[in-house]
Amino acid sequence: MSKRANPMSVKAAMSYEIGEAALALGKTPATIRNWIKDGLPVMSSRKPYLISGAAIREYLRAKYKSAKRPLDADQLFCPSCGCGRRPLNSLVTIQALTVPTSLLKGICEHCGGTNTRMISTARLSDFERAFVIREGPDSDA
Ligand SMILES: [Zn+2]
């Protein structure tokens, strides 16, 4: 799978010609044309096509989101297994990263690797039903 473009490398309020969008995103113009065929909206029906930065961001976010497998409520993501797995004994630690986001960590019950899941701290109560949550170490990284 090719490297993902960063949606934030285009400005939402700007519009881009295909070559400019390709440059900003580190992609080839052919890739941008493929995205247009795939549904990325253009602002004009005639060449040169102009694409709004906001449309590019929205397109990429939707594209990458649909490529992700959603996790069940009682799963963390296991990078070794490449999919969602239940943590061993449903035991996870929690680490507050920023005000809105926390990181859950557990041990994969399938392979024993470290599994993680970023959650919205506001949704913590949903996960307290599925997991035994303990306070993790403070971030010292
Ligand atoms: Zn695993």
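The values are calculated or read from the model by the stated rules, or taken from the named source; none is laboratory data. Remember, predicted model here, so these are calculated numbers, not experimental data. Ideal geometry is used to build each Cβ from the backbone, glycine not excepted, and the neighbour counts take in all protein chains shown. With ligands, DNA and RNA removed, areas are computed over all heavy atoms of the protein, side chains included. Shrake-Rupley method; radii C 1.70, N 1.55, O 1.52, S 1.80 Å.
Note on region 7-67: along the principal axes its Cα atoms extend 30, 22, 19 Å, ordered by decreasing extent. For the chain, a simple Cβ point-charge model (Lys and Arg +1, Asp and Glu -1, everything else neutral) yields a dipole of about 700 debye relative to the Cα centre.
In the chain, the DSSP-assigned H stretches of four residues or longer account for a calculated mean residue ellipticity at 222 nm of -8500 deg cm²/dmol, using -39500 (n - 2.57) per stretch and the full residue count as denominator. Between residue 124 and residue 71, full extension at 0.36 nm per residue minus the direct alpha carbon distance yields a gain of 17.6 nm.
Accessible area per residue for the chain, computed on protein heavy atoms with a 1.4 Å probe, is 66 Å². Using a 1.4 Å probe on the protein chains only, how many percent of the accessible area of the chain belongs to carbon and sulfur? For the chain, the apolar C and S fraction of the accessible surface comes to 53 percent. Considering only alpha-carbon pairs that sit under 8 angstrom and 6 or more positions apart, the relative contact order computed for the chain is 18 percent. Lys-Lys pairs in the chain that are eight or more residues apart or on separate chains and whose Cα atoms lie under 30 Å of each other come to 28. Per the Debye formula with a single identical scatterer at each Cα and no solvent contribution, what log10 I(q)/I(0) holds for the chain at q = 0.15, 0.20 Å⁻¹? Relative scattering, expressed as log10 I(q)/I(0), comes to -0.82, -1.03. Could you run the Debye sum over the Cα atoms of region 76-135, one equal point scatterer each and no solvent, and tell me log10 of I(q)/I(0) at q = 0.12, 0.13, 0.26 Å⁻¹, two decimals? For region 76-135, the Cα-only Debye profile gives -0.24, -0.29, -1.04.
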